[in-house]
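Values in this text are rule-based calculations from the coordinates and carry no lab data. A quick note: this is a predicted structure, and the numbers were derived from the prediction, not measured. Note that each Cβ is placed from the backbone with ideal geometry, even for glycine, and that neighbours are counted across all protein chains shown.
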Amino acid sequence: MTENVNEQVDKEKFVRAYGAMVLSRTFDKKIVTAQRQGRVGFYTPTMGQEATQIGASLALDKDDLIFQYYRDVPMMIHRGVPMEKLLDQIMGNGEDYAKGRQMPSHFIARDNNFMSIQSPVASNLPLATGAGYALKYRKKNSVVLTTFGDGSTSTPDFHAAMNMAAVYDLPVIFLCENNQWAISLPIEKQTRAEIWKKAEGYGMEGVKVDGNDLFATFKATSDAVKRARDGKGPTLIEAVSFRMGPHSTSDDPNKYRSNSVQEGSDMDPIIITENTLKGMGILNDAMIEKIRSEAERIVTEKFEEREKIPPPEPSTMFDDVYEEMSWTVKEERGEIL
């Protein structure tokens, strides 16, 4: 009886994971289209990296910390970040937590243990290592997951974070989402070594997985989480996928690459996940159609709802400068308002 209950829980877990992949893909396409229509200013698409992110997310507890980068919408959706909050940030409207001050795609979701995003690549990694040190110092059993692209592995911040995490056996999982392009630079032109092998130079565990395989990423991350919770230090995971779209909506990948993974092809991580779950008897065509149509409805409704929200009031530019508003800020505010 217990085995049947556990099997049902696992089925629900993976159906929900697939649903988050589809919802994120639908969201992605909607925002890119809206940007082309002039309704959104900027966005960094995620198409092609859904299995990597949600596979890793499945291995985490709700109290674990995530220092993400700007392409992790699937993970955020899977971990319960309200779509309204994502849309508010992208639009910079009056409900945006950052009051429209942050660059689009630089989300804040601290209620879900996602830290704020910085633009410079790899600048989140030393912060993640510091958080890992704090968790160990306080004898917490939580872990830190930090994500980054392949280009980040060629930065000083990557070196500093990896070295410190290894030296102090910190509970940090470094997840490299190797989509094979650092904006327009292919992986072979920015690093000669396989990324996962760089872990050996720091004295930590390194592993390479198929980032298009939800279950492979889940297994690799689960192993890394167990190692971290057992006090055995950090892990570097290289999850190889393919960035199906541009680096951002300001980029045209047709100028520097001719090969691409097409949506709906056998290399599409959503199709791979569909086929796997159908083979396991967890999904069927009717369920897939229902999940896809529901995702379209949710994204359309939420977008239209949040688009109606006006921008932040001009007076908010004076908020949050200091804990208590100084006389100089009050004076400047009085001159303008």
* Given 0.36 nm per residue, what is the gain on full extension from Lys189 to Gln118 after removing their alpha carbon distance, in nm? -> 23.1 nm
* If we count other beta carbons within 10 Å of each Cβ, what is the order of Val172, Val261, fewest first? -> Val261, Val172
* To do: Identify, among Gln37, Gly203, Leu135, the residue whose Cα sits farthest towards the positive end of the charge dipole of the chain, taking +1 on the Cβ of Lys and Arg and -1 on the Cβ of Asp and Glu, with the dipole about the Cα centre.
  => Gly203
* Structure fact -> Percent antiparallel among DSSP beta bridges confined to the chain, nearest 5, equals 10
* To do: Just add up the charged neighbours of Asp64: K/R +1, D/E -1, any other residue whose Cβ is under 13 Å from the Cβ of Asp64.
  => +3
* **the range 155-211, relative contact order in percent, only Cα pairs under 8 angstrom and at least six apart counted** => 33
* **Cross-link pairs Lys99/Lys139; Lys62/Lys302; Lys29/Lys62 - those with Cα-Cα distance over 31 Å** => Lys99/Lys139
* Spacing of the two label points (7 Å from each Cα toward its C-beta) at Ile108 and Val329, in nm -> 1.3
* Contact order normalised by residue count of the chain, Cα under 8 Å, 6+ apart, percent -> 21
* **Under 5 Å, built H, 5+ apart or other chain: amide partners of Met103** => none
* Structure fact -> Asserting the computed 222 nm helical MRE of the chain (DSSP H runs at least 4 long, -39500 (n - 2.57) per run, divided by residue count, to nearest 500) equals -14500 deg cm²/dmol
* To do: Would you order Asp230, Asp72, Asp251, Asp268 from fewest to most other beta-carbon atoms within 10 Å of each residue's own beta-carbon?
  => Asp230, Asp251, Asp268, Asp72
* Find how much the distance from Tyr168 to Ser258 grows on full extension, using 0.36 nm per residue of separation minus their present alpha carbon separation; answer in nm with one decimal. => 28.0 nm
* Give the residue from Ala122, Ala165, Leu277 lying farthest towards the positive end of the charge dipole for the chain; charges sit on Cβ (+1 for Lys and Arg, -1 for Asp and Glu) and the dipole is referred to the Cα centre. => Ala165
* To do: Please give the FRET efficiency for Glu84 paired with Arg16, using the beta carbon to beta carbon distance and R0 = 25 Å, rounded to the nearest 0.05.
  => 0.85
* **FRET efficiency, Asp285 to Asp61 (Cβ-Cβ, R0 51 Å, nearest 0.05)** => 0.95
* **Net charge of Cβ neighbours under 14 Å - reference Tyr256; Lys, Arg +1; Asp, Glu -1** => +1
* **Rounded to the nearest 20 debye, dipole of the range 2-336 from Cβ charges on Lys, Arg, Asp, Glu** => 540
* Just add up the charged neighbours of Phe114: K/R +1, D/E -1, any other residue whose Cβ is under 11 Å from the Cβ of Phe114. => 0
* To do: Given the peptides 181-187, 329-335, arrange them by the average over their residues of other C-beta atoms within 10 Å, most packed first.
  => 181-187, 329-335
